[in-house]
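See structure below.
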Amino acid sequence: MEAKIRLDAIYGPSEDVVSREIEGELLIVPLAAGVGDIEDELFTLNKTGRIIWELLGGQKNLKNVVAELFARFEAPVGEIEEDVIGLVEELLKRGMLVEISNT
Amino acid sequence: MKSQIPEPGIFLARAGERPLPGPDFAALARAVLDKGASFRFKATGFSMFPFIRNGDVVTVSPLAGNPPRLGDVVAFVTSGQQKLMVHRVIRIMGDSFLIKGDNRYSADGLSPKASILGRVTRVERGKKAVFSGIGPERALIVLLSRRGVVLTLLLPVWRIVRPVMRRWIA
C-alpha cells in the first residue's frame, strides 16, 4: 500500500542510496536488498529533478519546498506542487527517499 | 526575478548504459561498498578471461573486516589512474597484495590493503551465474598464475578439467 504524500511532512534522502555528481550529472544508486546495482538500477535526475532533490534535504516540509520553487520559477503553484508530489512518490517507491517527520 | 523551469517533464530516469570516467567509477564503487552493500556492474576487458569475460556482470561484496585471501578475485583501485580493476590475489606479503589478471603474463604490482574495495562473489553471463574460479579451484589457478601461465592458453585443457573439478567440488 502506498503511503499518502503529505505537504506538511519532511522528506529526505534514504540511507540506502548513494548519489554522486559525475560529469555534471547527478547519478543515484539505490541500495536495494544490499546491492548497489549500476548495471540495471542506475538513475539520473534532470535539471529540475536535481533542484527538487537538493531542496528535499530533510530540512523543509513539502509545502516549503513548493513555496521556494514558486518563488524561483515562472510556473503555476498547482503545477509545481503536482510535479514535486510526483517526484516524491517516485523516489519513495524506489526507496531513495524517506519521510523524516511531519510538522 | 523568476526564471523558466530548467527542464520540465520527466525528472527521474534510468541512466542506461554509459561509460563512467575511471576515477568517478571507482569513487562510486567505494561509496556503495563503504555502506556495506555489494556493487554490481558490467565488466569490460579481457584481462581475466576465461573466468570473467568482456560484458559479464560482476558482483563485488565488501570485505567486511575479512582481508583478501590467496586466490580471491578482488576489486581494487590502481595507484596511478585511480581506475577500478578486478584481478586475482596471487601472493600476500604482510599488508600488501600481489595482484594479477588471469590472462596476463605479469602482475599488476603490490597493492596496499586500503586500495582493495571488495571481493568478487558472483559473475553472471546472459543473466545466469557462471563458474568463475572463485571457489576451491582458486588455489590451482594461483599456482599456475604465479608461474606466468596465461590461462587462456590452457582453455582446451580447462574444458576437460572443469567438469571433473565441478564433480569434486559438489
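The values are calculated or read from the model by the stated rules, or taken from the named source; none is laboratory data. These numbers were taken from a predicted model, which means no experiment stands behind them. Cβ placement follows ideal geometry from the backbone for every residue including glycine, while neighbour counts extend to all protein chains displayed. The area values use the complete protein model at the heavy-atom level, side chains included, leaving out ligands, DNA and RNA. Shrake-Rupley method; radii C 1.70, N 1.55, O 1.52, S 1.80 Å.
Below is a table of values for the structure above.
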item: A:GLY24 being away from chain B (no Cβ under 11 Å) and either at pLDDT below 95 or surrounded by fewer than 15 Cβ atoms within 10 Å (Cβ to Cβ) (or both); result: yes
item: Filter result for B:LYS113 (open to solvent by 70 Å² or more (accessible area, probe 1.4 Å), under 17 Å from the mean Cα position of the chain (by Cα) and touching a residue at least 60 places away in the same chain (Cβ under 8 Å)); result: no
item: Residue in region A:32-42 that is touching a residue at least 60 places away in the same chain (Cβ under 8 Å), more than 8 Å from chain B (Cβ to nearest Cβ) and surrounded by 20 or more Cβ atoms within 10 Å (Cβ to Cβ) present; result: no
item: Of residues in region B:1-53 being part of a helix (DSSP H, G or I) and of a type outside the set (A, V, I, L, M), the one nearest to the other protein chains (Cβ to nearest Cβ); result: B:ASP24
item: Top-ranked residue in region A:1-21 [being farther than 29 Å from B:VAL57 by Cα and acidic (Asp, Glu); ranked as farthest from the other protein chains (Cβ to nearest Cβ)]; result: A:ASP8
item: Test: residue in region A:57-77 that is surrounded by 16 or more Cβ atoms within 10 Å (Cβ to Cβ), under 17 Å from A:GLU25 (Cα atoms) and within 12 Å of another protein chain (Cβ to nearest Cβ); result: no
item: B:LEU28 vs. criteria open to solvent by less than 50 Å² (accessible area, probe 1.4 Å) and closer than 30 Å to A:ASP83 by Cα; result: yes
item: Some residue of region A:88-96 being more than 11 Å from the chain's Cα centre (by Cα), closer than 23 Å to B:GLN4 by Cβ and surrounded by 15 or more Cβ atoms within 10 Å (Cβ to Cβ); result: no
item: Among residues of region B:79-101, those that are in contact with a strand residue (DSSP E or B) (Cβ under 6 Å, 6 or more places away or on another chain) and in a loop (DSSP other than H, G, I, E, B), counted; result: 1
item: Single condition B:ALA107 does not satisfy, out of (1) free of Cβ contacts under 8 Å to residues at least 40 places away in the same chain; (2) in a strand (DSSP E or B); result: (2)
item: Selection count, region B:46-82, where residues are loosely packed, with under 14 Cβ neighbours inside 10 Å and under 20 Å from B:GLY22 (Cα atoms); result: 5
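Residue-by-condition table, conditions (1) more than 13 Å from A:ARG6 (Cβ to Cβ); (2) β-branched (Val, Ile, Thr); (3) at pLDDT below 95:
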{"position": "A:LYS47", "(1), (2), (3)": "yes, no, yes"}
{"position": "A:ILE52", "(1), (2), (3)": "yes, yes, yes"}
{"position": "A:LEU56", "(1), (2), (3)": "yes, no, yes"}
{"position": "A:GLN59", "(1), (2), (3)": "yes, no, yes"}
{"position": "A:PHE73", "(1), (2), (3)": "yes, no, yes"}
{"position": "A:GLU79", "(1), (2), (3)": "yes, no, yes"}
{"position": "A:LYS93", "(1), (2), (3)": "yes, no, yes"}
{"position": "A:GLU99", "(1), (2), (3)": "no, no, yes"}
{"position": "A:ASN102", "(1), (2), (3)": "no, no, yes"}
